[in-house]
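Each value in this text was obtained by applying a stated rule to the coordinates, not by laboratory testing. In this text the structure is predicted, and so the values were computed from the model without any measurement. Methodologically, a virtual Cβ is constructed for each residue, glycine included, from the backbone with ideal geometry; neighbour enumeration extends over all protein chains shown.
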Amino acid sequence: MLQFLKQNSYTIVKCILNQIAIAMLGLMVAFATARNETFLLIGSLFSIAFYLYLMYYMFWEIGGKDRIYEDSDKKTKTPLRAFWICLIANIPNIVLAVLVIATRPFAETSEIAANTYFISNILSRALHGMYVGLIQLYSPYNPIGLFLVILPAPIISQIAYMFGNRNFRILGLFGIKQNLRDELR
């Protein structure tokens, strides 16, 4: 496990930084569109799509590079590499979601639980800024929503890694062919 963290620390940090950057974008979009529910939903969906696209692109490239190393027998196959990298990068989100869920029932009776709930809820919503519009519109008081928003990133990352490892381009499904001459320059 320690070897895995050592080998993938750059990618883990990159995932965390991407999440923080897109969370700030999502918060800005949510604050700008908060008065209109339709615009809030559209802005939130845009932020989510942009975040998941960044994750997809990053892990597609990693999958493609791993395929080269696997074919030359320099590296063994690690089929769930992207899922574990993204899950490790989401450990702060998981911890905050667990704190929110664990302290919510006791928030009215205990001051410590109330403070922990308030701080962890604010931090969790800040780290999930791209999802804040959806959370605010559809489940503003349900702490399970903070757990559910963790799932798309590891799933998309794993799918992208598998596609990259097989050199499968998703744009090919839509009939869009990428000009490979531009990549060779």
Checklist line | FRET efficiency for I122 and T76, using Cβ-Cβ distance with R0 set to 45 Å, rounded to 0.05 | finding: 0.60
Next item on the list: Just grab the label-to-label distance for Q7 and I155, each label 7 Å out from Cα along the Cβ direction, in nm (one decimal).
Entry: 2.7
Notebook entry, point to check: Hey, what do the phi angles of region 41-46 turn into as Karplus ³J(HN,Hα) couplings, whole Hz, using 6.51/-1.76/1.60 and θ = phi - 60°, x for Gly and Pro?
Noted result: 5, 5, x, 5, 5, 5
Check: Using the Cα gyration tensor of region 1-88, with a ≥ b ≥ c the square roots of its eigenvalues, what is the shape: rounded (a/c below 1.5), prolate (a/b larger than b/c) or oblate (neither)?
Finding: prolate
Notebook entry, point to check: Once amide H atoms are placed 1.01 Å from N in the peptide plane, what residues at a sequence separation of 5 or more from H128, or on another chain, have their amide H within under 5 Å of its amide H?
Noted result: none
Next item on the list: List the trypsin sites (Lys or Arg not before Pro) within region 1-68 that fall in a DSSP loop (any state other than H, G, I, E or B) and whose Cβ has at most 12 other Cβ atoms within 10 Å.
Entry: R35
Item checked: Residue-wise HN-Hα coupling along region 4-20, computed from phi with Karplus coefficients 6.51, -1.76, 1.60 (Hz; x: Gly, Pro) -> 4, 5, 5, 6, 10, 4, 4, 5, 4, 5, 5, 4, 5, 5, 4, 5, 5
Checklist line | Mean ellipticity per residue at 222 nm, deg cm²/dmol - from DSSP H runs of n ≥ 4 across the chain, formula -39500 (n - 2.57) | finding: -24000 deg cm²/dmol
Item checked: Residue exposure sequence - L96, L17, L148, L2 - by fewest surrounding Cβ within 10 Å -> L2, L17, L148, L96
Check: Amide H to amide H, which residues 5 or more places from S110 or on other chains are under 5 Å from it, using H placed in the peptide plane?
Finding: none
Next item on the list: List, in order, the whole-Hz ³J(HN,Hα) value for each residue of region 138-152 obtained from phi through the Karplus relation with A = 6.51, B = -1.76, C = 1.60 and θ = phi - 60°; use x for Gly and Pro.
Entry: 10, 8, x, 10, 9, x, 5, x, 6, 7, 5, 6, 7, 5, x
Check: Ranked highest first by average number of other Cβ atoms within 10 Å, how do 136-144, 152-160, 81-89, 24-32 line up?
Finding: 81-89, 152-160, 24-32, 136-144
Item checked: Ascending count of other beta-carbon atoms within 10 Å, so fewest first, for L151, L52 -> L151, L52
Next item on the list: Could you give me the percent of Cα pairs per 5 Å distance bin for the chain, shortest bin first, beginning at zero and ending with the bin that holds the maximum distance?
Entry: 1, 8, 14, 17, 16, 14, 12, 8, 5, 3, 1, 1, 0, 0
